[in-house]
Every structure is written in C-alpha cells, then in structure tokens.
1. Would you calculate the volume per residue, in Å³, of the smallest convex hull containing every Cα atom of region 262-365?
2. On a 1.4 Å probe surface of the protein chains, which of Cys630, Cys206 comes out largest in accessible area, and what is the full order?
3. If R₀ is 41 angstrom, what is the calculated FRET efficiency for the pair Val251 and Arg150, using the beta carbon separation as r and rounding to 0.05?
4. With θ taken as phi - 60° and the coefficients 6.51, -1.76 and 1.60, list the Karplus ³J(HN,Hα) couplings across region 531-536 in order, rounded to whole Hz; mark glycine and proline as x.
5. Given Lys520/Lys598; Lys22/Lys553; Lys512/Lys627; Lys108/Lys279; Lys293/Lys520; Lys520/Lys553, which pairs have Cα atoms separated by over 23 Å?
6. Using 7 Å Cα-to-Cβ label points, what is the Glu477/Glu32 separation (nm, one decimal)?
7. How about Lys368: which aspartates and glutamates have a C-alpha closer than 17 Å to its C-alpha, ignoring those fewer than 8 places off in the same chain?
8. Set the Förster radius R0 to 56 Å, insert the Cβ-Cβ distance between Glu502 and Arg132 as r into 1/(1 + (r/R0)^6), and round the FRET efficiency to 0.05.
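The values are calculated or read from the model by the stated rules, or taken from the named source; none is laboratory data. Source: prediction; values computed, not measured. Here Cβ is always computed from backbone atoms with ideal geometry, including for glycine, and neighbour counts include all displayed protein chains. These accessible areas exclude ligands, DNA and RNA; they are computed on the full protein's heavy atoms, side chains included. Shrake-Rupley method; radii C 1.70, N 1.55, O 1.52, S 1.80 Å.
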Amino acid sequence: MRRHVPCVTKGRFRGSMFELDKCDFNSDLHKESPARPAVSFEPVADVEGVALLLWGEHCIECAVPACYSTCNLYQPRADLRCRRFQFGCLKNEAFKSIRGYGVEISFKKWAKLEAFGSTAIYPLRTAMRWERRLERLASLTDLIGKTAYRLNGNHNWAALTYELSERLVRALDRRASERIAPDEFLLEIYNPMAQEARLQLIFSECKEPSLGKGLHSPSAGAIPPVIHTLTLAPGYSRNGFEVDSLDRFLVPRVPFSITLVPEADSNARLVFLCADFVKYRRHPAPQHTGQIKCVVWDLDNTLWDGVLIEGDQVKLGAGIPQLLKYLDERGILLSIASNNDHQSAWRELTRLGIADYFLYPQIDWAPKSRNISAIAKQLSIGLDTLAFVDDNPFELDEVASTLPGVVRVSAENALALINDPRFRGDGTDESRLRRRYYQEQIVRERAAENFASDYLSFLASCEITLELSGYSETDRERVAELVQRTNQLNFSGRKYSARELEEIIADPELEKYVLRCRDKYGAYGTIGFAIVRPSPYALQIFDFMLSCRVQRKGIEQAFFSHLFIHHNRGGAGSLWINYSKTERNIPARGVLESLGFKPGKAGGVAGGGGAGMVLDASTPISCDFIKVRCAATSSSHPAQKSPTRTALQDG
C-alpha cells in the first residue's frame, strides 16, 4: 500500500511562510525518509517578534516562462512553477523551533531559497496569525488559479497563490506604521547529513514593482550585496547576523532580497528551524554586542572536573569536547589562563587530547587579568573581543575590575555559548586556519562595510578569480545546461540542441572555452561557455553564455581582455561578438555597450560577416581587480602557469 507522508500536520502553530502546500513528498518516489535529529538540541526560545518573510522555491537561472518549454531541468509543481527542491518544503515535526516544527528541504541543481526582505517586526503571535491567514488563503487562491489557468492557459494564474502572498507581504512591510528594528537576522539550521554543507546567505538589491512611502529605488547594481558563506557541520547550528551590516538597504530603505543557495550547485539536505528577522524578549548581548574572537578558559572545575594540584584524576566536563570543536570550527581562538603548574597542566591537556586547541596558554600563578592581557597582546586583538570562563566568582570579579571590556562567563553557563550569537564566528575554510589567517580574517569580515557607495572597490575587495580551460568531456552536462538555460547573458540568443552542440565541439577550427569563477566567499562553479574563432581581421566570438550568478562582477570584461591579449593568434585589431537581441538578453547588450562595443560586422572574415558588435583595440578596457588563471590552449598560446591581471591594450 502506498504511504503518502503529509506535509501539513497539527503543531504548535499551523501557519508557515514556507510553501508547505506545494510539498509532494511521497515515500514511493523519494528513497529517503524524513530526517530526524541525531542528537538533542535547544532552539532559540526568547523571540518576541518576527518579520513576515515569504520563502519561495526558485531557480538561480530562472527565465520564466520561456524556460518552461526550453529547459531540460524544468519539472512542474502543482502551480506550474519549477520544482527545484526534491520534494518541496516538507513540514517536519521531529524538529523543535519557535513555530513547533522544522522545514526540510533537499536542494536540487540550481535551486535557491529566496524571500523579499521585509523587516517590519510583528509580535510573534500576531505574525503567526498572519501566517495562518496566508495558509487558509492558499486553499482558495489555488482553486481560483487552477480554474483560471484551465480557461485561459495563462501561467500567471496557475501561480496565483505565490504572487498574491508576495504582494501582501510587500504591502504589509511598506505600510507598517511603527517600524520596530529587529535585533538580528537569525538562521537556525539542522544539517541531517553525515558531511558538512556550505551555504551562501546573500542580501541583495531587488526590484520593487510598486514602491511605497519611504522606499527608494537606486539604479540596478548600485548597492553591493552583503554575502556570508556558512559552513554547516552535521547537527544543529545557529547564526545571527547584525542588522547594522544591512544599513545600505535600510537607510534609506530600498527593496532587497534574501537568498540562501548551496555553494557551487551542491545538493544539500537541510532542515530550517528559523530564517527570520527577530526581536528578542531581552537583547542577547545586553552588555557586549561585539563578536568574540577568543575564549580564554580556566582549567580546574571549568574546562575539566577536579582540581589538578589536589591530586584529582581530572576529566573533561560534560559537553566540553563538543563545545571546543564547535568554537574551533567557527574560527574562534582558544586559550588558557589558569593558576596551576604549567608542566603538569599541559601534560593533562595532552592526555585528554585537546592541547592543540589552545594558543599562547598562560598557566602560572600570576593574576588572571594580567595573563588575559598577555594573550590579547600576543594574538594582536582587542580586549573587548575576548571572553573569560571561570568557576570562581572572585576570579571573574578580579578580571571585571581590571579589564571591564572582557566578557565574563560563569563555568556553569559555558555550554550556552553555542547558542550565543556573539560566539558564532564565521565558519569559513579560512577560519579553520585561524592561527595563520586570523588578522586577514578580521579585514575580510569588515571589508564589505567600507564600500557601501563604491561598487568597484567592493568588487576589488572580493578577490575574484576567473579560471579558463578548454572543453573536456567532464564539462558536457554543465555546458549543455548553459546553452539551454542561459538567457540574460546569452549574447547570441541561440539555444543549441544536443546534436548541434556535438557538431560545435567536434569542429577543430573553433576554440571552446569553459569559464569557472570563485571569490573569497566561495566557488560559483562553471559559469560560462564561449565559442571562438581567431582570424587576422577580428577575433570572433560566435557565442558566449554566462550565468547570471556572476552578473555585474566584471567577468565579461576580464574574459574579453584576456582573450584578446593571450589568444589572438592572428594579431587581429578588433574583437567581434555575435550579439542578437532577444526579449531576455538586454543585459548582455548593456554589458557590451558599457565596454565600448559598437554595432558592426566582422568585416573581411569568410563566413563570419554577420551582424553583431565590435570593439576596436584602440578602445582600451581594463579589469585589474580580477585574476585570470588560464589552462586553455590555442595554436598561438600555451596554458598559463600563473595568474595574470587583464587589460585590453592598444593593438
């Protein structure tokens, strides 16, 4: 007998801002059972208000409605929008949260979870009532939308529920009479997989169809995005993001979106417990709102149970190994300030297998305030970025009187640090090399805040690297997707069939380039494909497809410049690209015009004299902030062994 797992069941709150009504989990179709927590955890419990965020299932290469008929990956939901999650958003009551359940999502290729950035805070119960109203409204609008679609065939009617819900959320955000500022954006996630998952959280400017009072709309791309890369270890994680970092969207208010996307098209399976702007009943850090960079530990009856000098056989306290591992993986440094014999204490730390965690340990008989100051100096960090954990009130008071900026934590509350947003770190790969990269890490975390009005400087701070290679069979699947799905930055506007693509790949006269990209936040994966033919008259780009994920990052400029300088075997004096206008690729023309391309033909080239756009070599362009690593070869240019900075110079 077929068992269909219901998506919506009775819980503490029935409402949801995840599209639970579009879930189609079925045990006969999906091999994996709904996730269950492997270990117990305590979710946030002191939230008094949240904003209304409507989280939707989206595609990062969306080109609605054309992709419904042209994309090989299109799989319709009940409302005909594309199914980019394995089974939609599954309500999973095995997980605790402020709503009484988790939302389980299994991401497929090119999937993203996205919401309009509403920041108007409502009391928790009021917000839940709105969510329940939206859920009840969905039943009616689904019926109306399906009926209208059957009558007129318009896809917009099929997606009526999502469209109306999003419009309502935006309207409520605009009309909020008293705007209470949230404390932070809170992201609670349970990773049920055996391996860690990497997730990008992106706050970015978006279009607002009808601006309301107090909303401004600068030109597209004028405001750089705020990007965080999260490394989610198996199990529960909590990350809070300060609202101050989003001032570029809030002062003055401009419409923005919030996007959650697995890094480099990975297929992550995650349970979302909270993804909200929140207001706490009490501020989570009433005396110290900064981020903690180092936790300094006492030893006796704090890090371990027992007193070493009294001859006790010490052992680590319950939960301490897991806490140390968590802090270490989040890039938070660890040290020791303890009144003990150094040699004996270090021997025990080694025996317990945790000695390698600690930097510049101060184990002697000096006052602990003096030792904490020494640790801060050796690590080159401020005292207000340190926390000190001790079981003795006398020692905590001594540090407080001498070093008031240091956060004091009683040993009995140590395990609560895992849920304190001040101790979240950042969890990047670089942070795991904290001893080597710590000072660089401080610069990285603050870099984006310095470029709110200077987009080019922001891009330069991102450390973008473009990787070029020739086509290989391992690229077949991704290249086929690019030529089928790319729209906004599809310069020729063509969509190739599998047979046509095979013919292009087999043509020895054509050079094929595969583009990959990464920056300091993480990898984008394969983002572009180009078909090029050199000639003495013009370096011809017959086709160029680029993912919109790297739009407005200067990738086109860097590629054209590198191609002209390093893969121009005929010494051509101009660069010609096959551009043909479509309804969807207007951004591609904008890119070309901004670089100085003019409408024209590749004159004098047999078989290549079609209409397009031309850039003469006398029009210099530069892209000094992007590194290019090239493994592609042409008849005139071997693969590069080291990165270059690109600049298109006079021919």
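1. On the way: hull volume 19.4 nm³, N = 104.
Enclosed volume per residue, from the Cα hull, is 186 Å³.
2. Cys206, Cys630
3. With a Förster radius of 41 Å, E is 0.30.
4. Once rounded to whole Hz, the list reads 10, 10, 10, x, 7, x.
5. Lys520/Lys598; Lys22/Lys553; Lys108/Lys279
6. A separation of 1.6 nm, rounded to one decimal place.
7. Excluding near neighbours in sequence, the set is Asp298, Asp300, Asp341, Asp384, Asp390, Asp391, Glu395, Asp397, Glu398.
8. Numbers: r = 53 Å, r/R0 = 0.95.
Here the calculated transfer efficiency is 0.55.
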